Amino acid sequence: MFSSLMRDVCGVPDKARHYALTLFALLVLLLGASGDALAHAVAEGDKGYIQEIYGIHLMSFIYLGAKHMVTGYDHILFLLGVIFFLYRMQHIAIYVSLFALGHSTTMLLGVYFNIGINSYLIDAIIGLSVVYKALDNLGAYQRWFGLQPNTKAATLVFGFFHGFGLSTKIIEYEISPNGLVPNLLAFNVGVEIGQLLALGAILIVMGFWRRTAGFLRHAYTANVAMMCAGFMLIGYQLTGLFTA
C-alpha cells in the first residue's frame with residue numbers, strides 16, 4: 001500500500017513536486033524549531049498560571065482555550081483536512097460540529113473523572129488522525145480497499161482522541177478542584193471560539209485558492225504535504241515515548 005502511494009506521489013508533475021518538497025522542508029524546520037509547539041502541550045507560562053489559579057476565572061480560561069486551539073498545529077491540520085473538499089457551509093458546519101462534540105466530550109469528562117492517557121501516545125494518535133484524513137482526501141482507501149470509510153464517524157472518533165490529548169495535559173498540571181467545572185466549561189468555550197477563528201482563516205484562504213485554475217492539481221500536493229506532517233508528528237511523539 002505504501003509503495004502504491006509513493007508511486008502516486010512520484011507521478012506528480014515536477015512543479016507540484018517542488019511545492020511539496022518546499023512545504024515538507026518548512027515543516028521539518030518548524031518541528032526542529034519548537035517541538036513543544038507541535039505537541040499537545042500548554043505553553044510554560046500558561047502552565048504555571050493553571051497550576052496556581054484558584055477559584056472561578058471564566059475569562060482567563062476562555063482565553064487559554066482559544067489560545068490553545070489557534071496555536072494547536074495538530075488541531076488545525078486535522079481541521080484543514082476535514083474541510084478541504086467541503087464547499088457548502090451546511091456540510092462544513094456538520095463536520096466541524098462533530099469534531100467539536102468529540103473533543104469537547106472527552107476533554108471535559110477526561111479532566112472531571114481524571115482519565116489520563118500517556119501524552120506521547122495520545123499525541124501520536126492525533127498525528128495519525130492527520131495522516132488518515134490526508135489519505136482520505138487523496139482517495140487512497142478507495143484505490144487500496146475499494147471502499148470509502150464513513151467520514152462523519154471518523155471525524156467524531158478522532159475528535160474524541162483530540163479531546164483526550166488536551167485533558168491529559170490539563171490533568172498533568174493538577175488544576176485546582178475549586179471552580180473546576182465552571183473553569184473547564186469556560187476553557188471549552190474558548191476552544192470553540194479558537195476553532196471558529198482558525199476555521200474562518202482557513203475558509204478565507206481556501207476560498208481564494210479554490211478560484212485559481214490550479215487548485216485541484218495543487219490540492220493533491222497539499223494533502224501529500226499534510227500526510228508528511230502527520231507522519232512527522234507521529235515519529236516525534238513515538239520517539240519521545242520510547243526515549244523518555
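Just so it is clear, none of the values below were taken in a lab; they were calculated from the coordinates. Note that this is a predicted model, so its numbers are computed, not measured. Heads up, the Cβs are rebuilt from the backbone with ideal geometry, glycines too, and the neighbour counts pull from every protein chain shown.
A few comments on the model shown:
- Protection proxy ranking, peptides 149-156, 74-81, 188-195, average beta carbon neighbours within 10 Å, highest first: 74-81, 188-195, 149-156
- Taking 0.36 nm per residue of sequence separation and removing the Cα-Cα distance, the Val157/Phe242 pair yields an extension gain of 28.0 nm.
- Sites matching trypsin sites (Lys or Arg not before Pro) across region 196-232 that sit in DSSP coil, with at most 10 neighbouring C-beta atoms within 10 Å: Arg211
- Unit charges at the beta carbon, dipole of region 48-165: most positive-side option, Tyr87, Gly116, Val157: Tyr87
- Gln51-Tyr112 pseudo-label distance in nm [points 7 Å out on the Cα-to-Cβ vector]: 2.7
- Distance distribution note for region 166-244: the fraction of Cα pairs above 16 angstrom is 73%.
- The alpha carbons of region 78-134 occupy a box of 39, 23, 10 Å along the principal axes, longest dimension given first.
- With Cα atoms defining each centre, region 110-142 and region 66-108 are spaced 13 Å apart in the structure.
- For peptides 158-164, 134-140, sequence by mean Cβ density within 10 Å, most packed first: 158-164, 134-140
- For the pair Val181 and Gln142, a Förster radius of 30 Å applied to the C-beta separation gives a FRET efficiency near 0.10, rounded to the nearest 0.05.
- Cα-derived Rg over Rh, computed across region 120-233 with Rh taken as Kirkwood radius: 1.05
- Counted residue by residue at 0.36 nm each, then reduced by the alpha carbon distance between them, the extension gain from Phe208 to Ile193 reaches 3.1 nm.
- Extending 7 Å from the Cα toward the beta-carbon at both Leu216 and Asn150 defines two label points whose distance is 3.0 nm.
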